[in-house]
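One structure below.
The values are calculated or read from the model by the stated rules, or taken from the named source; none is laboratory data. Since we're looking at a predicted model, the values are computed, not measured. Every residue, glycine as well, gets a Cβ built from its backbone with ideal geometry; the counts of neighbours run over all protein chains shown. Keep in mind that these areas ignore ligands, DNA and RNA; they rest on the heavy atoms of the full protein, side chains included. Shrake-Rupley method; radii C 1.70, N 1.55, O 1.52, S 1.80 Å.
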Amino acid sequence: MTQYAYFEGSIRPIDEARISVMTHALNYGTGWFGGLRGYWNAEHEQLYVFRIRDHYRRFLNSGKILMAKLNVDEDTLAEITLELLRREGYREDCYIRPLGYKAEEGIGVRLHGVRDELTIFSTAFGRYLQAEEGAKVCFSSWRRVDDNMIPARGKVSGSYVNSALIKSEAVLNGFDEALVLTQDGHVSEGSAENVFMVRDGVLITPPVHTNVLEGITRRTVIHLAQQELGLQVVERDIDRSEVYIADEAFFCGTGVQIASIASVEHRPLGSGHMGPITQALRNLYFRVVRGQEEKYMDWLTPVYVAERQPA
């Protein structure tokens, strides 16, 4: 199947979407990106993109942090994405990657006075974390970068070296994923995921001042937990030892979706299997993103038809 990308103002075969080795973003990490998912509903014969405008609002905000000027709005980005997906013709789940980058060719690290470009591509995509029903997790020896170093509210390309160091350390040491601490020693997030834990029926997650990405899936989980499951949700600092004695814990994010944490540094959480709150949230989340909950169809944008079909 021919793949396509939006590149330098038009949709073209992805083999034509190439940049120079001299490109500023390649040399200095001066890019920013987003990640969206499309979910295939076979009964509806429809591909649904989840919270497309929320994702593009965050993408544009990430660009603002890097002084970017793309001259597009979230509606334009959404339309480009839908046309790109129609060209691809997916009848399976997919992942969409918008990428903004400093496109000047030459030497000199800065943000100002550098041309910005946009590309969007997609790929068929299933699980990000293979052990999503029960991941084995460690605490990373690496700390999360601080907002006053590289802004956590932006998905800045260069900052994901931090994530890569964290992920490889975990996997090479026999774990599936890692939890990362702030410079102050509080839980921040995973290598590239937000994190929640359950204690005594209360859902707890680190606040945004702990250098977490303001995740759209995180926001979705908080809403569903409060409005649909009637759970109390608390945003507060979490200490390392608290996680060891949690009843349940899970990662969430566009890539990882909702993935249960079975153990932390060889200590089982609860029964050592996915807990009931995590299971309930996963089941509800997957119903929502696949267009099986009519109440939340406004979060979905259909790719192939203008009118939504009933859930």
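Label sites at ASN173 and ASN61, each approximated as a point 7 angstrom past Cα along Cα to Cβ, lie 3.2 nm apart. Farthest towards the positive end of the charge dipole of the chain, among the residues ASN211, PHE251, GLY174, is the Cα of ASN211, using unit charges on the Cβ of Lys, Arg, Asp and Glu.
The residue among GLY190, GLY291, ILE14 whose Cα reaches farthest toward the positive pole of the charge dipole of the chain, with charges on the beta-carbon of Lys, Arg, Asp and Glu, is ILE14.
Using heavy atoms of the protein chains and a probe of 1.4 Å, the accessible area assigned to ILE52 is about 0 Å².
Among 163-170, 229-236, the peptide with the highest mean count of other Cβ atoms within 10 Å heads the list, and the full ranking is 163-170, 229-236. Solvent exposure of segment 1-137, expressed per residue, is 47 Å² of accessible area, with all protein chains present and a 1.4 angstrom probe. Taking the 1.4 Å solvent-accessible surface of segment 4-60 as the whole, the part contributed by carbon and sulfur is 50%. The label point for ARG199 and the one for GLU43, both projected 7 Å from the Cα toward the Cβ, are 4.0 nm apart.
Ordering TYR304, THR278, ALA262 by Cα displacement along the dipole of segment 250-311 toward the positive end leaves ALA262 in first place; charges were set at the Cβ atoms of Lys, Arg (+1) and Asp, Glu (-1).
Taking a ≥ b ≥ c as the square roots of the Cα gyration tensor eigenvalues, with a/c under 1.5 meaning rounded and otherwise prolate when a/b beats b/c, else oblate, which class fits segment 169-311? Prolate shape, in that a/c is at least 1.5 and a/b is the bigger ratio. Note on segment 243-289 and segment 24-76: Cα centroid distance 26 Å, given to the nearest whole angstrom. For segment 49-206, a/c is not less than 1.5, where a ≥ b ≥ c are the root eigenvalues of the C-alpha gyration tensor, and a/b does not top b/c. That puts it in the oblate class. For segment 84-157, which whole-number percentage of the solvent-accessible area (1.4 Å probe, protein heavy atoms only) is attributable to carbon and sulfur atoms? With neighbouring chains kept in place, the figure for segment 84-157 is 51 percent.
Here segment 1-156 is treated with +1 on each Lys and Arg Cβ and -1 on each Asp and Glu Cβ, and its dipole about the Cα centre works out to around 580 debye.
Over segment 193-242, give the accessible area per residue in Å² for a 1.4 Å probe, as an integer.
40 Å²
Once all protein chains are placed together, LYS295 keeps about 140 Å² accessible to a 1.4 angstrom probe. Taking only protein heavy atoms and a 1.4 Å probe, the accessible area of segment 245-311 is 51% carbon and sulfur.
Ordering HIS112, HIS223 by how much accessible area each has at a 1.4 Å probe, largest first, what is the list?
Largest accessible area first, the residues go HIS112, HIS223.
For the pair ARG86 and ARG287 in one chain, pulling the backbone fully straight at 0.36 nm per residue adds 70.0 nm over the alpha carbon distance. Listed values for segment 218-235 are Karplus-derived 3J(HN,Hα) couplings in whole Hz (6.51 cos²θ - 1.76 cosθ + 1.60, θ = phi - 60°), namely 4, 4, 5, 4, 4, 4, 5, 4, 6, 7, 9, 9, x, 8, 7, 10, 10, 9, and x replaces Gly and Pro. What lysines does LYS155 reach when the alpha-carbon gap must be under 27 Å and sequence neighbours fewer than 8 apart in one chain are set aside? Filter leaves LYS64, LYS69, LYS102, LYS136, LYS167.
Charges were assigned to the Cβ only: +1 to each Lys and Arg, -1 to each Asp and Glu. The resulting dipole of the chain about its Cα centre is roughly 360 debye. In this structure the amide hydrogen of ASN194, modeled in the peptide plane, comes within under 5 Å of the amide hydrogens of CYS252, none closer than 5 places in sequence on its chain.
Segment ALA164..GLU242, full-extension length gain: 25.5 nm, with 0.36 nm per residue of separation and the alpha-carbon distance subtracted. Of all DSSP-defined beta bridges confined to segment 201-277, some 65% are antiparallel rather than parallel.
Solvent-accessible area of SER141, all protein chains in place: 90 Å² (probe radius 1.4 Å, heavy atoms, ligands and nucleic acids excluded). Let a ≥ b ≥ c be the square roots of the eigenvalues of the Cα gyration tensor of segment 120-205; is it rounded (a/c under 1.5), or, if not, prolate (a/b larger than b/c) or oblate? The shape class here is rounded. In sequence order, segment 154-159 has phi-based couplings of x, 8, 8, 3, x, 6 Hz under the Karplus curve 6.51 cos²θ - 1.76 cosθ + 1.60, θ = phi - 60°, and Gly or Pro positions carry x.
Please work out which option in (1) 25, 24, 20; (2) 33, 20, 19; (3) 32, 26, 16 gives semi-axes √(5λ) of the Cα gyration tensor in Å calculated from these coordinates, and answer with its label. Checking each listed value against the structure points to (3).
Remark: segment 140-242 carries a charge dipole of roughly 220 debye about the Cα centre, counting +1 on each Lys and Arg Cβ and -1 on each Asp and Glu Cβ.
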